[in-house]
Amino acid sequence: MTDLYEPTNVATKYPQPPFKPQQQPVPGTIFEMDPPADHGEESYKGSGRLAGRKALITGGDSGIGRAVAIAFAREGADVALNYLDEESADAEDTLGFVQKAGVQGVLIPGDLADEAFNSGLVEKAVEQLGGLDILVMVGGRMPTVSGIEDFDTEVFDNLLRVNVHSLFWLTKAAKKHLKPGASIITTSSIQGFVPSPQLAEYAVTKAGIANWTRAMAQQLAEEGIRVNGVAPGPFWTPLQPSSVPNEKIESFGEEAAYGRPGQPVELSSTYVYLASQDSSYTSGETIAVTGGTPTH
Ligand code: NAD
Ligand code: MG
């Protein structure tokens, strides 16, 4: 396992393309990733930066959300994880790492496309964790198309509900529980700034998320609640083999300046930074973590 903290050539630090062809049905699982992704299981070291905080993480079973859950737990936060019912194997495994860190972990599966579920999710997290300080919205879908002929209103409606509406629903429900000092974190994408043709629908949602982050930061500033986002480049997670064709998987990450995809653990500290008081004068910002590729 690569030592996260060892200074080394960042371009060759983690696996590079070509990758083996691999496809998964949506929503995918970490157990089918070849090579396996690094979510910080063996490497991430906490230093109490989130001691006693309580966080709700959507998409917390796998990929980026799993890396965030492991890091937050090792920083001392109790965490509630949301994911889809069919992802319980990934979620249980992530929960194991959370519990090993000596904090509380709770699992709350359910569909973010369902408005009533979103408010219920916040209430359950507050009840089971005994409060809420940090809302991290990572869960999302990424349908791909070959062209405008493929545009499907039903697919797009669902995509908007999961990727965008859920931000409003969760934040509306969370606001009454969040105290000054709380942090809300969204997950945009390089696609929100530099869209690929096959990801037009997805890219619109990710641009919207960065915009939402700027607007919501201003709405909540006087309450002392910060709102920031992360815009990842290509990351080695189940989202990819369950969303893009094999020819893209084989060369996955090649387009980044580093010539490789990021590993989820390479995002952990960015989310920890935005969640913690280290970033107290930062709100409305979306931090790009793209392996050196410019976002504009
Ligand atoms: P992932 O597949 O591990 O995580 C996505 C998660 O979204 C799933 O685990 C699932 O729990 C959740 N999800 C999807 N539909 C849902 C629904 N209807 N209800 C509830 N949960 C649902 O992949 P990931 O790459 O870690 O994705 C996390 C986020 O990062 C996504 O928002 C994605 O758009 C974003 N992102 C990923 C990349 C990348 O290259 N992997 C790049 C930029 C942004
Ligand atoms: Mg998953």
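The values are calculated or read from the model by the stated rules, or taken from the named source; none is laboratory data. In this text the structure is predicted, and so the values were computed from the model without any measurement. No Cβ is skipped: glycine too gets one built from the backbone with ideal geometry, and neighbour counts run over all protein chains shown. Calculation scope for accessible area: heavy atoms of the full protein, side chains included, ligands and nucleic acids excluded. Shrake-Rupley method; radii C 1.70, N 1.55, O 1.52, S 1.80 Å.
Phi angles across segment 89-104 convert, under the Karplus curve 6.51 cos²θ - 1.76 cosθ + 1.60 with θ = phi - 60°, into 3J(HN,Hα) values of 5, 4, 5, 4, 5, 5, 4, x, 5, 4, 5, 4, 6, x, 10, 8 Hz, Gly and Pro given as x.
Between Arg214 and Gln99, the distance separating the two model label sites (each 7 Å from Cα on the Cα→Cβ line) works out to 4.4 nm. For the set Ser166, Ser283, solvent exposure ranked by accessible area (probe 1.4 Å, protein chains only) runs largest to smallest as Ser283, Ser166.
You can think of it this way: the chain between Thr2 and Thr144 has 47.9 nm of extra reach, that is 0.36 nm per residue less the Cα-Cα gap. Rounded to whole Å, give me the distance from the Cα center of segment 214-249 to that of segment 1-44. If we compute the Cα centre of each part, the gap is 19 Å. Here segment 1-148 is treated as a Stokes sphere of Kirkwood radius computed over C-alpha pairs; at 37 °C and 0.692 mPa s its diffusion coefficient rounds to 200 µm²/s.
When exposed loop sites are taken as chymotrypsin sites (Phe, Trp or Tyr not before Pro) in a DSSP loop with at most 11 other Cβ atoms within 10 Å, the longest stretch of the chain clear of them is 6-150. Computed from label points 7 Å out along Cα-Cβ, the spacing between Glu285 and Glu127 is 3.8 nm. The string of couplings for segment 252-264 from the Karplus curve (6.51, -1.76, 1.60, θ = phi - 60°) is 4, x, 4, 6, 5, 4, 6, x, 8, x, x, 9, x Hz, one whole number per residue in order, with x for Gly and Pro. Taking amide H as placed 1.01 Å from N in the peptide plane, Thr286 has its amide H under 5 Å from the amide H of Gly229, each at least 5 places away in sequence or on another chain. When the trypsin sites (Lys or Arg not before Pro) in segment 1-63 are filtered for DSSP coil states and for at most 16 other beta-carbon atoms within 10 Å of their beta-carbon, the remaining sites are Lys45.
If the cut-off is a Cα-Cα distance under 17 Å, which lysines reach Lys45, setting aside same-chain residues fewer than 8 apart in sequence? The reachable lysines, counting only those whose Cα sits under 17 Å from Lys45, are Lys100. Under 20 Å from a label point set 7 Å out along the Cα-to-Cβ vector of Asp152, the amide N atoms of segment 96-134 belong to 111-114. A 1.4 Å probe run over segment 48-289, with the rest of the protein chains in place, finds 39 Å² accessible per residue.
Heavy-atom surface analysis with a 1.4 Å probe gives the chain a carbon and sulfur content of 52 percent of its accessible area.
Evaluated on the chain, the Kirkwood hydrodynamic radius is 18.9 Å, with distances taken between all distinct Cα atoms. For Phe235, nonlocal amide neighbours, meaning residues 5 or more places apart or on other chains whose placed amide H falls under 5 Å from its own, are Gly262.
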